[in-house]
Amino acid sequence: MNVPSAVVGIVQKLNRAGYEAYPVGGCVRDLLRGEQPHDWDITTSATPEEILAVFSDEKTIPTGLKHGTVTVMKNGVPFEVTSYRVDGDYTDGRHPDSVRFTRSLKEDLARRDFTVNAMAMDIENGVVDPFFGLRDLESKTLRCVGNPDDRFEEDALRILRALRFSSVLGFAIEPKTAASIHRNAHRLSLVSAERITEEFTKLLCGSYVANVCREFVDVLEFLIPEISPLIGFSQHSPYHDRDIFEHTLASVAAAKPQSVLRWTMLLHDIGKAECFTLDENGVGHFYGHATHSVRLSTDVLSRFKLSNKDVERILLLVKIHDLPLPPDEVLLTKRLRKFGKDVLLQLLDVQDADCLAQSPEWTKKRLAEHQQVREMLEKLALDVCYRLSDLAVDGRDLQAAGFPAGPALGKALDELLEAVIEKRVANEKTALLAYIKNKPN
Ligand code: ATP
Ligand code: MG
């Protein structure tokens with residue numbers, strides 16, 4: 001097992017000062033799963049003041065003294081060292097009213113959410129595991145420490161943490177814990193949008209997201225009631241072998257695990273149920289559904305706390321998710337001009353995920369075409385003129401050639417760019433000046 005020397009150093013320094021100290025929680029879980037932990041938390045019998053005194057000769061940050069957390073910096077890397085603590089009552093369903101420090105490791109482990117997250121690692125003597133986390137880790141099971149109803153009543157965010165770990169790790173949620181999640185889903189209304197957004201986005205990015213959203217569809221509907229009409233809604237379409245909800249889940253799972261992409265797939269067809277029509281041949285259509293999806297997505301996203309930049313990008317991708325991108329140079333160059341390369345490459349990822357969730361006979365041909373378009377875009381973005389800054393003339397050149405300053409100048413440059421994209425004129429200074437001079441007004 002690979003415990004970084006900085007962590008060993010922190011533990012030994014506390015031990016030498018007479019305190020217990022162990023790596024704890026997520027890092028122990030990940031290490032035992034054979035994954036390198038992304039961060040290390042250390043739990044100790046020392047109180048926050050005692051931690052500060054032990055590390056008085058090192059850089060520390062009093063991150064959350066009230067909750068017992070001191071960050072110790074080692075070569076610029078932060079490590080959270082937290083005093084053993086017991087949480088008081090949670091009268092608001094979100095935060096403990098008070099915390100009490102304790103010298104008992106077992107009490108500290110007992111306040112943690114799931115058995116697999118309630119293990120500490122004694123670097124010399126193995127795992128400290130009073131709640132049988134190892135057994136649950138081996139059988140890939142998520143189980144609350146203690147009575148699930150009590151634990152979800154204390155902090156309803158744990159509901160989403162359970163779903164998130166299940167989605168990311170592929171662990172099954174043990175029946176009593178699962179039943180309690182269904183009973184307590186409504187308590188998520190007590191949790192802040194920031195905490196919900198963080199866990200829900202991680203849930204969306206998991207490999208097992210479709211299974212989790214299916215099994216806990218009530219939790220999903222509690223957070224996003226706009227999803228409900230999609231469930232079981234048959235599309236009556238040769239392109240689709242799934243109902244809208246199942247198509248949505250399959251497309252989320254098929255997308256790269258990046259938050260903007262996964263959110264886009266979750267929302268891209270959310271407006272479909274509103275605009276269903278059936279033609280005389282019994283084929284379903286959803287004309288204009290992207291506009292409906294954008295409107296509903298705007299409502300949904302306003303309740304979460306994603307960055308403005310991400311929200312803007314998600315709404316744009318939802319809006320244009322069906323925009324045709326055929327392998328045609330002039331058309332692609334126009335699209336490049338309008339949206340830029342990043343958006344178009346991301347749109348191809350959206351279209352990949354969308355078609356991977358459709359009837360298999362359509363998928364292969366379209367994926368191959370997306371790949372061809374991706375390569376064309378990369379090449380075009382390097383070679384062709386598609387931005388005003390790529391033009392061989394600028395405003396000053398036009399003025400020098402006798403063009404009056406003012407808004408007409410910008411319009412002339414736009415016209416020149418369009419003419420170059422449509423290959424009506426070469427992107428070459430003399431040719432461009434001649435073109436614009438001879439153009440009838
Ligand atoms: P990640 O891989 O995302 O870091 P993690 O389990 O380490 O997963 P953290 O939020 O870093 O999650 O929390 C560290 C540890 O603190 C958890 O493993 C768990 O023991 C405990 N913990 C975190 N959040 C809660 C909570 N809401 N209720 C109870 N215990 C919690
Ligand atoms: Mg962690």
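Read the figures in this text as sums done on the coordinates, not as results from a lab. Note that this is a predicted model, so its numbers are computed, not measured. Cβ sites come from the backbone with ideal geometry, for glycine too, and all protein chains shown count toward neighbours.
Residues being closer than 25 Å to Val116 by Cα and part of a strand (DSSP E or B) are represented in the range 27-41 by at least one member. When Val24 is tested against the conditions (1) under 33 Å from the mean Cα position of the chain (by Cα); (2) away from ligand 1 (no atom under 12 Å from the Cβ); (3) touching a residue at least 24 places away in the same chain (Cβ under 8 Å), the lone failure is (2). In this entry, Asp349 passes the filter for residues that are of a type in the set (Asp, Glu) and within 24 Å of Tyr239 (Cβ to Cβ). Within the range 50-97, the set of residues being among the small types (Gly, Ala, Ser) and more than 16 Å from ligand 1 (Cβ to nearest atom) comprises Ala53, Ser56, Gly76.
The number of residues in the range 104-136 that are away from ligand 1 (no atom under 12 Å from the Cβ) and either in contact with a Pro (Cβ under 8 Å, 6 or more places away or on another chain) or not β-branched (Val, Ile, Thr) (or both) comes to 16. Do you know which residues across the range 1-10 are away from ligand 2 (no atom under 16 Å from the Cβ) and under 19 Å from Asn117 (Cα atoms)? Listed by number, the residues that qualify are Met1, Asn2.
Are any of the residues in the range 89-102 of a type in the set (Asp, Glu), more than 16 Å from ligand 2 (Cβ to nearest atom), out of contact with any Gly (no Cβ under 6 Å at 6 or more places or on another chain) and closer than 23 Å to Leu142 by Cα? So far as the range 89-102 goes, no, none of its residues is of a type in the set (Asp, Glu), more than 16 Å from ligand 2 (Cβ to nearest atom), out of contact with any Gly (no Cβ under 6 Å at 6 or more places or on another chain) and closer than 23 Å to Leu142 by Cα.
If you go through the range 308-321 and keep only what is closer than 22 Å to Ala353 by Cβ and loosely packed, with under 14 Cβ neighbours inside 10 Å, you end up with Lys309, Glu312.
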